[in-house]
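Just below is one structure, and these are the notes that go with it.
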Amino acid sequence: MEIVWLLVSLVILYFGAEWLVSGASSFAARLGVSPLIIGLTIVSMGTSAPELVVSVKAAMNGQSALSIGNVLGSNLFNIGIILGISALIYPLAIKRQLLKLDAPVMVLTSVLFLILFLDGKISFIEAFLFVVLFTAYMTYLFLTSVKNKNKETMDEEPIKKYKHWIIDILLISSGLVGLIYGSNLLVDNAVIIAHKLGMSEALIGLTIIAAGTSMPELATSVVAAMKKRSDIAIGNVVGSNIFNLLLILGVAGIIYPIETPDINIVDSLFVVGISALLWFFMKIGTRVRRWQGAFFLGVYMFYFYMKFAAL
């Protein structure tokens, strides 16, 4: 029965994220925010809402390994699977801002986490630092967007806006309710299933929970790639990875100090490595091409095999 509820929770998460992203994107477009900024902020934050709810809930329950594993696993899944599949569908064009600002921030954030988590814990001060850095990054993005909102390239199609802002708010509210309920349902049943299979809390977070909470990002980026909207597809992944490390771990660590020996340096190194690889691919070309997408899929499959082979 747990498997049925697990599948139901994924459906709820998908529709919750879809409503949240649609409403938030429409509302942001109404304010004149560019598609790339929407992908980096509103869409990435909306699709990362399941990770936020799951990690905070896990932290409140004292399940630090699940909280950290969910974030690291989601970041690996975002690049390895989501960006990999999206690039296979349609090569993703690289905007200058992604190359010069957002991708480096993603890599530096991953390195910062690696350094701070060497002792196996995230203290209140370190968590607070993450939140401050996230606030600074978001503030800079929105100030830049306002400054350059009339300089969008001609190939960017406008984001769909609904007839009235009330529809935006209703979609956002409904999406949040769905995400919160679906995330609770996902965690409770996934933990039961994984424990029956003899999996550790850390492995549950790094794989099953991470993949489940990343379904909204997968749906959003794949649909964006099919519509040839590279700005949303790749902006969603990069923005989500920054959001996961800085805000989610920051909020979770402020609520309850995170400490676990079950997440090792290898997991952190994989996150740093795959993030740096994406930045490198951005620097050597104007697109993330299909063969690069296949390479990302291969890296994730190797990591997945390595984790389960160690059982």
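Details
- Residues being in contact with a strand residue (DSSP E or B) (Cβ under 7 Å, 6 or more places away or on another chain) and not small (Gly, Ala, Ser) - total across the stretch 54-82: 1
- Restricting the stretch 54-78 to residues that are buried (at least 24 other Cβ atoms within 10 Å of the Cβ) and among the β-branched types (Val, Ile, Thr), the residue that is modelled with the lowest pLDDT: Val54
- Restricting Ala224, Ala211 to those that are of a type in the set (Gly, Ala, Ser) and either on the phi > 0 side of the Ramachandran plot or at pLDDT below 80 (or both) reduces the list to Ala224.
- For the residues Leu206, Leu218, Leu179, the requirement of being closer than 17 Å to Ile89 by Cα and assigned to a helix (DSSP H, G or I) singles out Leu218.
- Within the stretch 95-109, residues that are under 15 Å from Gly273 (Cβ atoms) and in contact (Cβ under 8 Å) with a residue 40 or more places away in the chain reach partners that are surrounded by fewer than 24 Cβ atoms within 10 Å (Cβ to Cβ) and of a type in the set (Val, Ile, Thr) with beta carbons closer than 8 Å, at six or more positions or on different chains, in the pairs Val107/Val272.
- Output for the stretch 248-283, where each listed residue is assigned to a helix (DSSP H, G or I), farther than 16 Å from Thr109 by Cβ and not aliphatic (A, V, I, L, M): Phe280, Phe281, Lys283
- Considering the stretch 48-105, the qualifying helices (runs of 4 or more DSSP H), each wholly inside and each with 3 or more residues that are under 17 Å from Ala233 (Cβ atoms), run over 64-77, 84-89.
- Residue under evaluation His195, criteria (1) in contact with a helix residue (DSSP H, G or I) (Cβ under 6 Å, 6 or more places away or on another chain); (2) of a type outside the set (Ser, Thr, Tyr); (3) assigned to a helix (DSSP H, G or I); (4) under 22 Å from Val53 (Cβ atoms), criterion not met: (1)
- Candidates are the residues of the stretch 252-283 that are in contact (Cβ under 8 Å) with a residue 24 or more places away in the chain and among the polar types (S, T, N, Q); the one that is farthest from Asp231 (Cα to Cα) is Thr260.
- Exactly one residue out of Ile263, Ile172 is surrounded by 16 or more Cβ atoms within 10 Å (Cβ to Cβ) and over 17 Å from Ile42 (Cα atoms), and it is Ile263.
- Restricting the stretch 117-127 to residues that are crowded, with 19+ Cβ neighbours inside 10 Å and of a type in the set (A, V, I, L, M) leaves a set whose member that is nearest to the chain's Cα centre (by Cα) is Ala127.
- Only residues that are among the hydroxyl-bearing types (Ser, Thr, Tyr) and within 18 Å of Val8 (Cβ to Cβ) were counted across the stretch 167-207, and they come to 3.
- Residue ID - surrounded by the fewest Cβ atoms within 10 Å (Cβ to Cβ), chosen from residues in the stretch 284-308 that are among the hydroxyl-bearing types (Ser, Thr, Tyr) and in contact (Cβ under 8 Å) with a residue 40 or more places away in the chain: Thr286
- Of all the residues in the stretch 273-283, those that are more than 12 Å from Leu99 (Cα to Cα) and buried (at least 20 other Cβ atoms within 10 Å of the Cβ) number 2.
- Of the residues making up the stretch 123-137, none is over 30 Å from Asp262 (Cα atoms), aliphatic (A, V, I, L, M) and part of a loop (DSSP other than H, G, I, E, B).
The values are calculated or read from the model by the stated rules, or taken from the named source; none is laboratory data. As the structure is a prediction and not an experimental result, all values here were calculated from the model. Cβ atoms come from the backbone with ideal geometry, glycine included; neighbour counts cover every protein chain shown.
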